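These notes are about the structure you will find just below.
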Amino acid sequence: MPKINSSKTPIYRESGFNLKDIITTKKAFNDELSHPHFPDNFIYSRYRNPTVSSVEEKIKEIEDSNWALLSQSGMSAIDIALSIFQEAKNDDKWLIFNDIYGGTNSYIDSILIKKRGLKIERFSSKDNKYNLSDYIELLDKIKPKLLYFETISNPMLIVADANKIIDEAKKRNVIVIVDNTFAGPYLWKPLKFGADIVIHSATKYLAGHGNITAGVICGNDDNIMQKAIEYRKLIGHMISPDDAYRLGTQLKTYNIRFKQQCNNANKLALFLSNNAKINKVYYPGLKVHKTYDNAKCLFGEKAYGAMITFELSGENDEEKSTKSQKFIELISKHFFLIPTLGDVDTIFLPVDAVWPDKYPTPGTFRLSVGIEDYYFIEKIFNDTLNSI
Ligand SMILES: *Cc1c(COP(=O)(O)O)cnc(C)c1O
């Protein structure tokens, strides 16, 4: 093979690597788990792959963690993070917040509880915020082995007082796992506050272009890393080298994309909250938001995320429903209705259509604000709202 002065890690598409001789083969299989970042030690791409490892190195830097492991989706990252702490036949209890991603909630109900028989207690927000003393009371009552929550909830964007939540759990030796997809490492790094694992659906802000699904878990403890590598290998949750490559390229603009998205969202939230056609705006950067103080404290007034949920005004549900139809018709000439978030393009979702049981009010929308020029975004919203 010619030597090529490449500055990028290429896409290594091989399923298995050429181990050449007995000595290398023995060494590879013996060292495989003990040296997960040892560059020569690639055996089979479901175990580890050089393209994937190079992107994991970048995520480690962004997250400032000892290790990062990629998987093929946010859900598989969640499955890894939660499965490695499960043991057959014991009475451990886990405490899981209720206001979490719908897919995670379904996974907990259908897989963890129904199939694997785990004992799980839920903790719910009240009036769009978490009550810390209720939480502490529950910790002392059920004495969980593990805690799982999200920094910013979906779609009401409740910001947890996450540093205190982690602190109370760690005082009681609880394993803490945080899904930090909405806040991202730009706003907050849970590992710095004692969390054991941070998870991202890299499909969202980290990849940011709506063109892959990917997940990542990061941590500092090597024991946890070994367990996670082994689980990923045995279940086959590994990301493809092609998707890892895309993620690696797109990560280079993560900070500037997210900064612009947060800036746009901050301005748009203010604009929407002053518009007569809008009844309510849920955005953690607005002083009226129930968890504004948590956001300010956690994110150090840097930014408040790039998701906004709002409700159109109307006398009754029928009027809101009619306005909602009109709103979708007009806005979708510019922005798409896509059930994901974190893309460079502004996208939206009708909340009542996705979660009819929890949020039945028609005319409620969740916005994932993109990187477009702010002037353009505001003009489209202004024109659309004036026409409904
Ligand atoms: C999307 C999402 C997930 C699931 O990630 P996928 O990449 O779709 O598997 C998990 N948690 C949060 C907060 C999400 O937004």
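Remarks
- Nearest-0.05 FRET efficiency for Lys287 and Asn223, computed from C-beta distance (R0 41 Å): 0.40
- Per residue, the chain reaches -11500 deg cm²/dmol at 222 nm when only DSSP H runs of four or more residues are counted, each adding -39500 (n - 2.57).
- A straight line joining the Cα centroids of the stretch 140-202 and the stretch 342-375 runs 24 Å.
- Intensity falloff of the stretch 215-279 expressed as log10 I(q)/I(0), Debye formula with alpha-carbon point scatterers, at q = 0.14, 0.16, 0.20, 0.25 Å⁻¹: -0.70, -0.77, -0.90, -1.06
- Ratio of Rg to Rh for the chain: 1.00 [Cα atoms; Kirkwood radius as inverse mean 1/r over pairs].
- Report note on the peptides 379-385, 119-125, 227-233: ranked by the mean count of other C-beta atoms within 10 Å, highest first, their order is 227-233, 379-385, 119-125.
- For the stretch 184-197, 3J(HN,Hα) computed residue by residue from phi via the Karplus equation (6.51, -1.76, 1.60; θ = phi - 60°) reads x, x, 5, 8, 7, 10, x, 4, 5, 9, x, 4, 8, 9 Hz, glycine and proline entered as x.
- Under the convention that each Lys and Arg Cβ holds +1 and each Asp and Glu Cβ holds -1, the size of the dipole of the stretch 254-386 around its Cα centre is about 420 debye.
- Residue order for Arg48, Arg172, fewest other beta carbons within 10 angstrom first, comes to Arg172, Arg48.
- Taking the convex hull of Cα positions in the stretch 254-386, its mean projected area over all directions (nm²): 7.9 nm²
- Normalised alpha carbon radius of gyration of the stretch 28-148 [divisor 2.2 N^0.38 Å]: 1.33
- Taking Asp343, Asp64, Asp161, Asp92 and counting other C-beta atoms within 10 Å, the order from fewest to most: Asp64, Asp92, Asp161, Asp343
- Neighbour counts of other Cβ atoms within 10 Å put Ser332, Ser15, Ser201 in the fewest-to-most order Ser15, Ser332, Ser201.
- Which listed pairs, of Lys145/Lys227; Lys143/Lys358; Lys60/Lys93; Lys60/Lys296; Lys287/Lys358; Lys259/Lys296, have C-alpha distances above 20 Å, in listed order: Lys143/Lys358; Lys60/Lys93; Lys60/Lys296; Lys287/Lys358
- Listed by chain and number, the lysines whose alpha-carbon sits under 20 Å from that of Lys26, ignoring those within fewer than 8 places in the same chain, are Lys233.
Bear in mind that the values in this text are calculations on the coordinates, not laboratory data. Every value quoted in this text rests on a predicted model; they were computed, and no experiment measured them. Because the Cβ atoms are built from the backbone with ideal geometry, glycine has one as well, and the counts that use them run over all protein chains shown.
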